[in-house]
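Written below as structure tokens is the structure these notes are about.
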Amino acid sequence: MIIPELMRLFMDVEGLGWEEAWTIVNNSVHYTNHTLLAEAMEKWPVVLFQPLLPRIYEIIVEINERFCRSVWDHHSEKRDKISDMAIISYGHVHMAHLAVIGSNKVNGVSTLHSHLLQTEAFADFAQMNLRNSLPLQMASLIGSGYIELTQRYQI
């Protein structure tokens with residue numbers, strides 16, 4: 001929920017407009033998916049989510065509408081997939097879709113996992129060439145940067 005919460009903070013507390021807030025959030029958030037099983041991906045019934053988190057839900061609705069409109073306008077080959085790719089669909093808020101749409105980078109927990117995300121779980125997103133360039137290989141994250149951090153901070 002970091003994506004809509006950061007949007008709320010930037011817009012409601014800091015007074016930024018949507019586009020500026022979205023740019024900051026989209027450039028800041030990375031998503032590591034831990035499961036390929038559709039039934040294990042987090043989703044919340046709208047009837048529970050909306051009354052508990054009304055402002056967050058409102059922001060998610062806006063993200064969803066902008067995403068769906070973008071698919072409709074720029075990816076006509078995916079129009080029949082919009083309801084399957086939407087953040088809010090079939091009476092649920094699909095958190096993995098929110099993470100894919102709102103993140104700068106998306107990856108799995110291994111190279112194979114990342115490949116399966118790209119070719120199976122999030123294939124429709126990957127085929128659209130979203131700016132988060134599904135997938136970022138986890139192996140590259142574990143490379144020099146991770147080693148440097150562990151050495152520097154003696155982790």
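The values are calculated or read from the model by the stated rules, or taken from the named source; none is laboratory data. As the structure is a prediction and not an experimental result, all values here were calculated from the model. Cβ sites come from the backbone with ideal geometry, for glycine too, and all protein chains shown count toward neighbours.
Couple of notes before you dig in:
Conditions tested, residue by residue: (1) exposed (fewer than 13 other Cβ atoms within 10 Å of the Cβ); (2) modelled with pLDDT of 95 or more.
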site: Phe49; (1), (2): no, yes
site: Pro54; (1), (2): yes, yes
site: Tyr57; (1), (2): no, yes
site: Asp80; (1), (2): yes, no
site: Ala86; (1), (2): no, yes
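- Unique match (being touching a strand residue (DSSP E or B) at 6+ places or on another chain (Cβ under 6 Å) and either in contact (Cβ under 8 Å) with a residue 12 or more places away in the chain or more than 21 Å from Ile2 (Cα to Cα) (or both)) among Val93, Val47, Val61, Val71: Val93
- Criterion: modelled with pLDDT of 50 or more and buried (at least 21 other Cβ atoms within 10 Å of the Cβ) - qualifying residue of Leu117, Leu134, Leu112: Leu117
- Filtered residues of region 47-105 (kept if assigned to a helix (DSSP H, G or I) and among the aromatic types (Phe, Trp, Tyr)): Phe49, Tyr57, Phe67, Trp72
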